1. Just the number please: accessible area per residue for chain A, 1.4 Å probe, all protein chains included, in Å².
2. Pull up the cross-link candidates among the aspartates and glutamates for A:LYS288, meaning alpha carbon to alpha carbon under 18 Å and not fewer than 8 places away within one chain.
3. Would you calculate the separation in nanometres between label points at B:ILE176 and A:ASP307, each defined as 7 Å from the Cα along the Cα-to-beta-carbon direction?
4. Can you give the translational diffusion coefficient of the protein assembly as shown in µm²/s, computed by Stokes-Einstein from the Kirkwood radius over Cα pairs at 25 °C and 0.890 mPa s?
5. For chain B, compute Rg over Rh where Rg is the Cα radius of gyration and Rh is the Kirkwood radius from the inverse mean 1/r over Cα pairs.
6. Listed highest first by mean packing, meaning other Cβ atoms within 10 Å per residue, what order do B:242-253, B:300-311 come in?
7. Which of B:MET88, B:MET63, B:MET256 moves the most in a Gaussian network model of chain B with Cα springs under 10 Å?
8. Give me the count of lysine pairs in chain B whose alpha carbons sit under 29 angstrom apart, restricted to pairs 8 or more positions apart or on different chains.
Amino acid sequence: MIRALLSGDLPRSRMLSVFLIAIFVSLAAAPYLFPGTRSLDVAARVCVFVLLVASYDLLLGYTGIVSFAHTMFFGIGGYGVGIALARLEPSWAAIGVGVLAALAVSAALSFVIGLFSLRVRAIFFAMITLAVASFFAILASQLSDLTGGEDGLTFRVPELLRTRVNAYYLVFGIATVMFLVLLRVVNSPFGRVLLAIRENEFRAEALGYRTVTYRTIANCLGALAASVAGALYALWLRYTGPNTTLDFAIMIDILLMVVIGGMGTMYGAVIGATLFVIAQNYLQDAMKMISEATKGIPLLPDLFHPDRWLLWLGVLFVLSIYYFPRGIVGQLRRGR
Amino acid sequence: MKNAISEARFDFVPLALMAAVALAALAFIRTPSTWVTLTVAGLAMGLLIFIMASGLTLVFGLMDVMNFAHGLFIALGAYVAASVMKAMGGTLAGLAPAMLAAMLAAGLLGLAFERVIIKPVYGQHLKQILITTGGMIVAEQLIHVIWGPDLLPLARPEALRGAFLLGDVALEKYRIASVSVGLALFVALAVVLNRTRIGLLIRAGVENGEMVEAMGYRVRRLFVGVFVAGSALAGLGGAMWGMYQEAVTVAIGAQMMVLIFIVIIIGGLGSVTGCFVGAILVGLVANYTGYLAPKVALGSNIALMVLVLLWRPQGLYPVGKS
């Protein structure tokens with residue numbers, strides 16, 4: 001049963017299994033285990049980012065392509081729901097319209113970008129996606145009639161979702177299902193071809209696989225999953241704006257989560273996203289304490305200033321690319 | 001002794017495109033004085049971008065390394081220049097030291113960056129992209145630690161403010177200065193690349209690095225030199241851009257990176273001439289559309305890139321590799 005749910009891709013490490021079960025149970029029972037707005041908010045963020053990071057890992061870890069446009073698809077999902085709910089009455093039909101429109105836009109856009117730039121080399125794709133994503137971010141802040149500009153859109157959600165616990169379980173449920181779907185994708189014959197392309201594109205091509213087609217499909221799948229994550233995030237926050245979805249800082253966050261958690265394993269997304277979101281919310285408190293404790297020593301208080309938490313995660317990121325290219329999950333699996 | 005490469009006919013079509021864009025804009029704008037002002041502004045912007053982008057494209061051509069943290073050198077140059085200018089009281093006398101300090105700081109950082117960050121990941125594109133992005137995150141935060149998170153003013157010296165008036169055409173002094181520096185730099189680069197021994201080696205390295213190594217030259221050392229020079233130029237460009245905007249933030253690097261990527265993709269990865277033409281095209285188009293149709297202006301660079309790639313998928317001046 002569990003084997004079938006996980007598509008035969010078991011954690012393969014006792015420690016990792018323990019962590020994953022702990023994370024799953026805490027998330028599943030979050031409203032009861034950790035009452036309080038802030039902790040429920042953290043739990044919902046973890047769910048959304050697990051899905052977002054897993055969909056990015058499909059590109060980076062499994063297919064070996066670096067995209068800087070993932071936040072764009074995240075944003076398309078958020079704006080799809082946001083615009084639909086702000087324009088139409090707060091109903092499930094409006095959510096459906098918004099999500100479907102967002103998925104259609106994401107699929108078309110990722111298909112075009114992929115077709116244009118995946119033929120050539122990884123670097124070219126990375127540069128093109130960076131340019132397109134920054135253009136999209138500017139576009140979203142400029143078309144203020146539609147998107148609310150810099151202020152974003154605040155909207156009302158259907159009656160049922162106004163209870164935080166219900167909304168949380170919607171986010172949790174869909175994120176879990178989508179995660180299992182992604183796990184299914186990477187463990188399918190299709191996923192094996194993606195791995196082959198990552199390892200040796202030339203050989204995969206020689207074996208008769210059209211690498212451009214496979215990469216483009218992977219790119220579209222990643223974009224679609226990211227849009228779903230964006231829609232969930234918007235529904236949870238009841239708000240969509242450039243800062244919550246399109247900001248380049250979020251792209252950086254996603255990269256950090258994938259790499260620190262472990263590229264090329266879906267479980268890395270779970271570990272990475274959980275660690276990161278918790279760090280984002282609680283590391284700052286710890287750093288504040290260090291910063292105050294080191295007051296008087298030159299430079300140290302500045303280095304530990306609560307706003308500088310990204311510095312330390314950045315250092316961890318660089319170190320893990322050098323020394324643990326498979327991230328935390330890779331380490332756990334090796335030392336089982 | 002001339003070889004086949006230097007005898008190959010220079011491709012004038014992209015230059016003609018540049019002129020065509022300018023003339024087409026004249027037809028739309030109609031008022032010649034506005035057109036001159038916009039063209040000078042476009043040239044100034046384009047040449048500043050060229051200063052920042054030239055090193056990046058050469059580094060890519062030479063060693064197949066794409067540095068996603070290039071924007072960092074831009075930001076560092078701008079910050080250092082702002083600090084030096086402030087220390088010197090914002091006078092014209094402080095200008096040269098500020099620019100030199102910006103270049104020196106960016107060059108040194110470039111050296112350290114090459115040693116620590118890029119050296120271990122030669123030939124692995126995926127890791128290069130990730131590691132340089134990681135380096136950028138860390139360094140951006142360090143800039144925050146050193147200079148604080150707030151916007152830093154970077155005033156132009158008195159002598160560079162205001163504008164010349166030629167008839168009814170207003171030409172901003174700073175723009176003229178930027179154009180002069182940018183053109184001088186392009187000429188200098190062209191001379192170094194085409195008339196000196198080092199330049200010959202660099203061009204040969206771009207064309208076929210292995211062959212140059214087989215002849216007993218160390219391409220790696222050459223590369224470090226180019227990397228440091230490119231970083232220093234990025235620092236200079238950042239300082240000049242910051243002065244153009246009269247303010248410096250950390251975001252300056254990331255903002256310019258997008259333009260720089262568009263420019264070097266348009267020009268053809270690895271080509272300095274292409275980078276020059278691409279930068280001027282981007283600068284001109286941005287200024288013309290900004291005047292004619294401000295709503296569309298934001299997309300103009302992306303549209304330009306797509307059009308150029310549809311026409312020449314390898315960029316304006318394709319380089320042998322890739």
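1. Value returned for chain A: 43 Å² of accessible area per residue.
2. Within reach: A:ASP302, A:ASP307.
3. Each label point lies 7 Å from its Cα, and together they span 4.0 nm.
4. My calculation gives 93 µm²/s for D.
5. We get a ratio of 0.97 for chain B.
6. Descending packing order for the listed peptides: B:242-253, B:300-311.
7. B:MET88
8. 6
The values are calculated or read from the model by the stated rules, or taken from the named source; none is laboratory data. Treat the numbers as computed from the prediction; the structure is a model and nothing was measured. Quick reminder, even Gly has a Cβ in these numbers, built from the backbone with ideal geometry, and neighbours come from all protein chains shown. The protein model used for the area step is the full one, side chains on, heavy atoms only, and it has no ligands, DNA or RNA in it. Shrake-Rupley method; radii C 1.70, N 1.55, O 1.52, S 1.80 Å.
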